[in-house]
1. Expressed as a fraction of 2.2 N^0.38 Å, the rule-of-thumb size for a compact globular protein of N residues, what is the C-alpha radius of gyration of chain B?
2. Cα atoms only: what Rg and Dmax, in Å, come out for segment A:259-300?
3. Over all distinct alpha-carbon pairs, what is the Kirkwood Rh of segment B:148-266 in angstrom?
4. In cubic angstrom, how much convex hull volume per residue do the alpha carbon atoms of segment B:234-280 span?
5. Angle between the Cα long axis of helix B:193-208 and the longest principal axis of chain B, 0 to 90 degrees, nearest 10?
6. Please state, rounded to one decimal and in Å, the Kirkwood hydrodynamic radius that segment B:83-132 gives when every pair of distinct Cα atoms enters the mean of 1/r.
7. For a footprinting-style exposure proxy, rank B:27, B:124 by other Cβ within 10 Å, fewest first.
8. Could you tell me, in Å, what Rg and Dmax come out for the Cα atoms of segment A:3-55?
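Values in this text are rule-based calculations from the coordinates and carry no lab data. Because the structure is predicted, anything quoted here is derived from the model rather than measured. Here Cβ is always computed from backbone atoms with ideal geometry, including for glycine, and neighbour counts include all displayed protein chains.
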DNA sequence: ACAGGCATCCAAAGCGCTTTGAATCCAGCT
DNA sequence: AGCTGGATTCAAAGCGCTTTGGATGCCTGT
C-alpha cells in the first residue's frame, strides 16, 4: 500500500493525503479523520526511503562503534548507552543506524555515511588523544555530538562528558583519607581521553596528599575482567603491594576482586577497591548496599541526553554548540576500609 | 556532489556513470576507470536513499532489541552479537538498523519497519514461548532469521541456535559424575525459549542419574550479577544447600561466585559451578586455565553466521529455510571438583 | 556499398514521497 | 450581482538514483 493507492481508495489526491498525515493545517478535520482512519486500516506508513529522498532528511542517526584491540572488543557500556539513545530517537521519530568498524577504517566510515546521505547526524564514541574526528566531521558538515570530549578544549563542538578528573580526584582522596599510602591505578586504555583525565585526577590527588606515585602501581589496558585480574594479581605479588586499587570500570574491578580473593585477602579489609560504575543494567553494583565503593554515573542516561543534544542541533543548526559536564556520585560500598598492615604480611 | 553533477563534470550521461559505478558490463574499461577516478576525487557515493528508492531494496537489516524487565535491561550478549553481524553486513554492503523497544511495543516495531520499507529483513532476538513473531513476520512477508528458536519445531522458518538442551544435559551429567547430588539450576528467564531448553536438559540428566530435583534448587530470573548473587546466597542458606550450581550465564556465575566467597566457601572445592559462556569479549573466561567450567559457544560467531543466513535468504527468497544447530564445547575450568561433605557443615 | 552485429552510450520513465503554485468552492461583504 | 478572501483541494515538479529501450558509431564480412 502506497500513497497513490491509498489516495485513490479515498477519492482524494496524494497531496491531500500526505498533508493530512503530516499534520499540515490546510486540510479539514473531517477529511483528516477519514484519511487517518484509512491509513490505520490499511496499515499504511509513508515509505521512509521515499520520504527522506523528498525531504532531504533521512531521520536517521548514525553510531560508529569502534571495535578495539586484537579481540575487537565491544565496550560493555555500549549496550546501555544505545538503549538510552534509542529512547530519545523513538520518541522523536528517528531511526538509529550502527556501524561497527575497526579503528583504522573509522574515518572512512564517517565519510561514507556523509557521502551516502545515510544519516542526519552522528554520535561520536570513545574520543581519544588527537582525535581527528572533530575536524573531519566539521569538514563533512555532518552534525555531531561527542560522548566524552576530545582533548581539544574549545567550545566549537558539542559534547557530553562526565567529570572524570574530579571523580578520580575525589576517589583517590577518599582512599588517602582512609590512610592508604600504597594506591594503585588500574585504568582503561590511556590513548582514550577519559582514561587520561582519570589518571590526571588520580595524580592530582596523590600529589596533593604528598604521596608517591610508583610506576609499578600504574596500569592501563583493555577494560576486561581478565585484565583487572592479571594486573591486580601482579601488583599484589610486588614486594611492596598496594593496599588499595582505584579501578576504571566495574568489570575490571570484578577481576581485581577475584585476584584479591585468590590471594586469600578480603576486599574492604586488607585491600580496598574503588571503581567507576557506569550503572550497566546487568552489572548493578549491589541492590541494598553497594558492593563497590564507586564513582557513579548512568551511561544510559548519558545516551538519552547525548541523543537529545544531537537532535537539538539538527533541528537548529545555527544554535550554539552545547557542552555538558556531569558530576559523578561517590557512593560508599563494602569494598573500602581503613588501611591496615595486614596486606604486607 | 550527486550523480548529475558528476556526470556533467565528466561529459557523460548519468546512465553511464551509474552503470560504471555499479559494475555493469556495458561501459568500456577506459571510461569506467575515468569515472571511478572522478568519483573518488570528488568523494562521490550514490545517495543511499535515492538508490534504495530506485532499486526497491533498502540494503539495511533491522534488529529489534527488546529491553526486558523493570530495569529495561539490555542483554549483555547483545553487543558481541551485533559486532559479529556487523562484520557480515559491512562485507556485503548492508547497513544495520537498531530499534530498542519495550516488549509490549515489539510487534508494532516490526509492523512499522515493514510498512515504512525501512529494512530488507530482520534478525529476531530472544525467542520466547508462544512467540507471535513467526506468524507476524510471515504475514508481513519480511525475510527473517531467528537467533534461537521459537518453540515451534517446524522447518518453515530459518534459525540459528545452540543446542541448549544437550549442553545443559552434559554439564549436569558432569556434575553428577563428580559425585554431586545436590545440584541447583540458576536459569535465565523461563519465558525465553533458551531457558526452557536448558531446564529440560538439566531435568533430563538429573532424571537419568536418578537424582531429585528440588524446587528449592531451581531459580530463574534476570541474567544479572545481582540475581546470581542473591539466588546463590539464598540457596546456600538452605538447611540442605546445593553443592553445585549450574548457571545460565557467566554474569550470573560471577554473582554466584561472590555469594560462595561471602559464605567463606571456595568455588571448585566446597561448591562447584558450571556456567554457560557466550565468550563475551570483555568477560573472557580466563586466559590460561578457564575460571569456570563452562558450556561454551561464541555469540559473536553466531551473530556473523545468523546475518549470513539472512542475507542468503534475501538474495534468494525462494530458497529453502535453513536451520543450524550448534553444539557447545564443554570446557573444564577451575570451578568444579568432586562433591565433598564440607558444604553442609 | 551495405547489412549485421557488437560495443558504447544516452534519453526518459519511474521509484514514493513532499511541496510549490494554482485551482476551486463557498461564505461574507459592498 | 460582483468582488474578496479564507478554506480546501489538487496537478505537477522534483528529490537522486536505476533501468528500459533505444540510438549511435564502428567494425566485420560479403
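1. In units of the globular-protein estimate, chain B measures up at 1.24.
2. So, for segment A:259-300, Rg and Dmax equal 11.8, 36 Å respectively.
3. Kirkwood radius, segment B:148-266: 14.7 Å.
4. Cα convex hull per residue, to the nearest whole number: 68 Å³.
5. Value to nearest ten degrees: 30.
6. Over segment B:83-132, the inverse of the mean reciprocal pair distance is 12.4 Å.
7. B:27, B:124
8. 10.5, 30
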